[in-house]
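The values are calculated or read from the model by the stated rules, or taken from the named source; none is laboratory data. Nothing here was measured: the structure is a model prediction, and the numbers come from that model. When we count neighbours, we look across all protein chains shown, and the Cβ atoms used for this are built from the backbone with ideal geometry, even at glycine. SASA here: full protein model, heavy atoms, side chains in, ligands and nucleic acids out. Shrake-Rupley method; radii C 1.70, N 1.55, O 1.52, S 1.80 Å.
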Amino acid sequence: MISVEQLTVEFAVKPLFHDASFVVNDRDRIALVGKNGAGKSTLLKIIAGQQNPSAGNVAVSTDTTIGYLPQVMNLQDDTTVRQEARKAFAGKDRLKARLDRMEAQLAERTDYESDEYMALVERFTQEHERYMMLGADHIDAAIERTLTGLGFLRSDFERPTSEFSGGWRMRIELAKILLQQPDVLLLDEPTNHLDIESIQWLEQFLAQSRGAVILVSHDRAFINNVTNRTLEISCGQIIDYKVKYDEYVVLRAERREQQLRAYENQQREIAEMKDFIERFRYKPTKAVQVQSRIKQLAKIVPIEVDEVDNSALRLKFPPCLRSGDYPVICDEVRKDYGEHTVFDHVTLTIKRGEKVAFVGKNGEGKTTLVKCIMGEIPFTGMLKIGHNVQIGYFAQNQAQLLDENLTVFDTIDRVAKGDIRLRIKDILGAFMFGGEASDKKVKVLSGGERSRLAMIRLLLEPVNLLILDEPTNHLDMQSKDVLKEAIRAFDGTAIIVSHDREFLDGLVTKVYEFGGARVREHLGGIYDFLRSAATIDEALALRAGNPGQPGTSGQPVQSGTSGKTVQSGSSGKGNPASPDPSPEAMEQALNNYELRKQRQRELRKIEKAVKECEVKIEKMENRISELDAILCTPEGASDVTLITEYTSTKKALDEEVDRWEQLSEQLQEYEV
């Protein structure tokens with residue numbers, strides 16, 4: 001599909017990469033990796049045809065379509081969400097004209113048994129399938145399926161795109177690219193603006209896609225679930241690993257060990273040559289040997305070694321006063337913006353030393369509750385901050401509070417205390433500020449670089465309650481590992497708002513789910529939460545807008561807890577615990593029984609539908625095999641009626657397979 005041949009890109013004296021060659025095949029799922037600045041985004045732009053290389057070329061096969069999602073793009077605000085998504089089908093007329101030309105060629109040609117004719121038939125079949133898929137009957141369904149998968153509500157479809165944040169508009173652009181179903185998808189950090197549910201939906205979409213995918217992402221779980229091949233840009237070269245990311249990490253470590261051994265051997269050899277030259281340079285009897293060594297030395301090609309891995313660097317938060325037993329207590333907290341209720345009846349207790357995650361779709365109130373805890377916005381209900389609590393807060397706007405006239409090094413040097421000051425260079429290197437980057441002024445840093453610097457600054461401040469809002473957005477995998485280990489070793493309390501499953505895994509022991517104006521508590525880690533059958537039920541109830549869904553009761557406010565209380569409006573009271581089953585509890589148990597019965601009925605219905613799909617699929621596959629045999633004959637190859645039947649049967653088969661996959665997914669959910 002795509003052949004990259006001897007590609008070289010030079011922006012300075014040293015090229016980003018040189019003589020890079022590789023091939024992208026049909027259904028390849030490629031992770032493009034390398035340290036920041038290695039040239040990953042540049043390579044995607046070159047493949048997409050938006051930038052020219054210094055040397056070499058990218059050959060794209062005829063009729064291969066490419067969809068490209070950059071990290072930053074210019075977005076338009078003159079349409080509704082549905083209208084903007086519909087622009088994905090603008091190429092339908094051009095596709096029809098191409099089909100007409102191919103159909104005319106098929107009617108004119110008589111070389112039915114030639115490879116060129118069969119290739120034309122295959123291309124016509126593929127393009128006809130794509131055209132049929134773009135039919136008006138399916139456009140609206142495809143748009144709705146893709147937009148809802150990426151987190152939009154149906155009530156959002158007719159809203160102007162100008163009402164949405166930049167992150168949501170990027171989702172619209174991603175939806176347009178996915179709806180086009182290009183042969184090759186180029187995705188540059190596609191998960192940056194997605195929540196966990198949308199990321200999982202995108203994983204399933206890409207797994208079922210018939211095209212190839214090349215993606216850049218710092219979300220380890222995402223690239224492990226999607227890719228089967230890894231291209232690494234390192235030391236100016238592109239190394240091809242035919243394995244998924246986790247296996248690549250192991251192979252790369254082995255390769256680096258080999259590099260180090262080869263480098264050390266070469267350095268010993270160079271030192272011995274130089275020593276010989278210096279010792280015998282002025283001895284006439286050794287003149288021939290000296291000249292031979294000089295020539296050998298000039299011919300040596302230096303072995304480059306990958307940059308030292310700083311992920312093993314360990315950071316420890318400076319000591320801080322011990323907080324009270326309950327750093328955060330919420331009782332019937334509610335927040336409204338006009339007539340819109342963000343959340344209500346939020347009752348929860350976070351104990352000292354707990355690491356908890358706030359998860360949920362964007363706009364469901366995670367950051368809003370954080371701002372309530374920080375006292376930045378008004379609310380109703382009672383929210384109590386415990387005794388001796390010292391909060392360290394990271395949000396995207398924290399980067400705007402840095403002194404622009406300081407250098408990167410000075411910014412950290414001013415907050416570092418004790419022995420940690422001797423390791424500032426190592427810490428900066430672990431967060432991608434190695435070498436000359438540490439001498440940059442803050443005012444010349446990009447938004448992402450400022451966020452990373454603000455994160456380092458927070459890590460060196462004495463706090464006992466960490467609140468981190470999307471802390472991994474601008475971090476590479478090594479930096480995330482350093483941050484994760486620092487939080488894991490932190491003996492205080494942490495609240496983490498994040499959609500990064502790999503980052504949260506093994507870090508948090510409790511998950512608070514935001515959705516449907518409620519906050520629900522789930523004990524266990526992030527994958528326990530995602531696997532929970534109860535979570536699936538609650539998510540379905542939330543999507544259906546069930547107003548009777550109970551909220552998380554949390555823990556009662558402990559008497560005698562000292563500290564400051566933030567209170568606004570009238571505060572509600574939590575229901576006291578009762579040892580005897582109340583009428584409400586009995587009713588809830590009865591409701592649970594009825595729900596189980598309903599689930600069993602729906603499970604049987606889905607199982608029946610799956611079997612019916614399998615019978616239809618088998619029949620259509622048999623018919624396609626028969627048509628294949630007929631179309632391979634000279635008489636059949638020129639029969640337009642058979643070709644039309646073949647394409648329509650193939651289309652119906654694909655639709656039935658899609659339906660079978662959807663039903664199978666539902667079946668798996670019910671069987672969890």
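Students often check this: by mean Cβ neighbours within 10 Å, which of 141-150, 44-53, 502-511 ranks highest, and how do the rest follow? Let's see the in-between values first.
Working: 141-150: 18.7, 44-53: 16.9, 502-511: 20.2.
In descending order of packing, they fall as 502-511, 141-150, 44-53.
Starting from the residue with the highest accessible area, list Glu269, Glu339 in decreasing order, probe 1.4 Å. It would help to have the intermediate numbers written out before the result.
Working: Glu269 85, Glu339 190 Å².
From most exposed to least exposed: Glu339, Glu269.
Please give the length that would be gained between Asn405 and Phe280 if that part of the chain were fully extended, namely 0.36 nm times their separation in residues minus their C-alpha to C-alpha distance (nm, one decimal).
Extra length available between Asn405 and Phe280 comes to 39.5 nm.
Apply the Karplus parameterisation 6.51 cos²θ - 1.76 cosθ + 1.60, with θ equal to phi minus 60°, to every residue of the stretch 385-390 and state each ³J(HN,Hα) to the nearest whole Hz, in sequence, with x for glycine and proline.
9, x, 5, 6, 7, 10
Taking amide hydrogens as modeled 1.01 Å from N in the peptide plane, which residues meet the under 5 Å criterion relative to Ala55, leaving out close sequence neighbours?
Correct list: Thr8.
Treating the beta-carbon of each Lys and Arg as +1 and of each Asp and Glu as -1, no other charges, what is the dipole magnitude of the stretch 385-489 about its Cα centre, to the nearest 20 debye? Working shown, then result.
On the way: 14 positive and 15 negative charges, 22 e Å.
The calculated dipole for the stretch 385-489 is roughly 100 debye.
If we sort 611-619, 257-265, 645-653 on the protection proxy, mean other Cβ atoms within 10 Å, highest first, what's the order? Kindly include the intermediate steps, with their values, before the conclusion.
Numbers: 611-619: 13.8, 257-265: 12.1, 645-653: 17.6.
Highest mean packing first, the order is 645-653, 611-619, 257-265.
At 1.4 Å probe size, with the rest of the protein present, what percent of the exposed accessible area of the stretch 347-389 is carbon and sulfur atoms?
The C+S portion of the solvent-accessible surface of the stretch 347-389 is 44 percent.
Provide the gained length on full extension for the span Leu523 to Ser54, in nm with one decimal, where the gain is 0.36 nm per separating residue minus the Cα-Cα distance.
Fully extending the segment from Leu523 to Ser54 adds 163.4 nm.
Quick one: which of 31-38, 270-277, 101-108 comes out on top by average Cβ neighbours within 10 Å, and what's the full order, highest first? List each step's numbers first, then the result.
On the way: 31-38: 20.6, 270-277: 13.8, 101-108: 12.0.
Packing order, densest peptide first, comes out as 31-38, 270-277, 101-108.
Identify, among Asn464, Thr493, Ile427, the residue whose Cα sits farthest towards the positive end of the charge dipole of the stretch 418-493, taking +1 on the Cβ of Lys and Arg and -1 on the Cβ of Asp and Glu, with the dipole about the Cα centre.
Value: Ile427.
Ignoring any ligand, DNA or RNA, what whole percent of the accessible area of the stretch 1-80 comes from carbon and sulfur when the probe is 1.4 angstrom?
45
Magnitude of the Cβ-charge dipole of the stretch 446-521, K/R +1 and D/E -1, about the Cα centre, nearest 20 debye?
140
Working with all protein chains in place, sort Tyr393, Tyr117, Tyr527 by solvent-accessible area computed with a 1.4 Å probe, largest first.
The residues order as Tyr527, Tyr393, Tyr117, largest area first.
Once phi is turned into θ = phi - 60°, what whole-Hz ³J(HN,Hα) does the Karplus curve with 6.51, -1.76 and 1.60 give for every residue of the stretch 176-188, x standing for Gly and Pro?
The phi angles translate into 4, 5, 5, 5, 5, 6, x, 5, 10, 9, 10, 10, 9 Hz.
Excluding residues on the same chain fewer than 8 positions from Lys286, give the lysines whose Cα lies under 27 Å from its Cα.
Here the lysines satisfying the reach criterion relative to Lys286 are Lys274, Lys295, Lys299.
Of Lys242/Lys616; Lys45/Lys371; Lys96/Lys176; Lys371/Lys441; Lys45/Lys366, which ones are farther than 28 Å apart at the Cα?
From the list (Lys242/Lys616; Lys45/Lys371; Lys96/Lys176; Lys371/Lys441; Lys45/Lys366), the Cα-Cα distance tops 28 Å for Lys242/Lys616; Lys45/Lys371; Lys371/Lys441; Lys45/Lys366.
FRET efficiency for Val610 and Asp140, Cβ-Cβ distance as r, R0 = 45 Å, nearest 0.05?
Values: r = 26 Å, r/R0 = 0.57.
Efficiency, from the Cβ-Cβ distance: 0.95.
Length gain on complete extension for the stretch Ser648 to Thr110, per 0.36 nm per residue less the alpha carbon to alpha carbon distance?
Extending this stretch completely gives an extra 191.3 nm.
Just list whichever of Lys335/Lys361; Lys40/Lys244; Lys361/Lys384; Lys417/Lys440 have alpha carbons separated by over 19 Å in the model shown.
With Cα atoms farther than 19 Å apart: Lys361/Lys384; Lys417/Lys440.
Given a 1.4 angstrom probe, what's the average accessible area per residue across the stretch 16-162, in square angstrom? Intermediate values should be presented prior to the final figure.
Working: 7670 Å² over 147 residues.
Spelled out: the 1.4 Å probe surface of the stretch 16-162, per residue, equals 52 Å².
Write down the accessible area per residue of the stretch 318-475 in Å², having rolled a 1.4 Å probe over the full set of protein chains.
On the way: 6590 Å² over 158 residues.
It amounts to 42 Å² per residue over the stretch 318-475.
Protein chains only, probe 1.4 Å: how do Arg531, Arg130 rank by accessible area, largest first?
Details: Arg531 145, Arg130 45 Å².
Accessible-area ranking of Arg531, Arg130, largest first: Arg531, Arg130.
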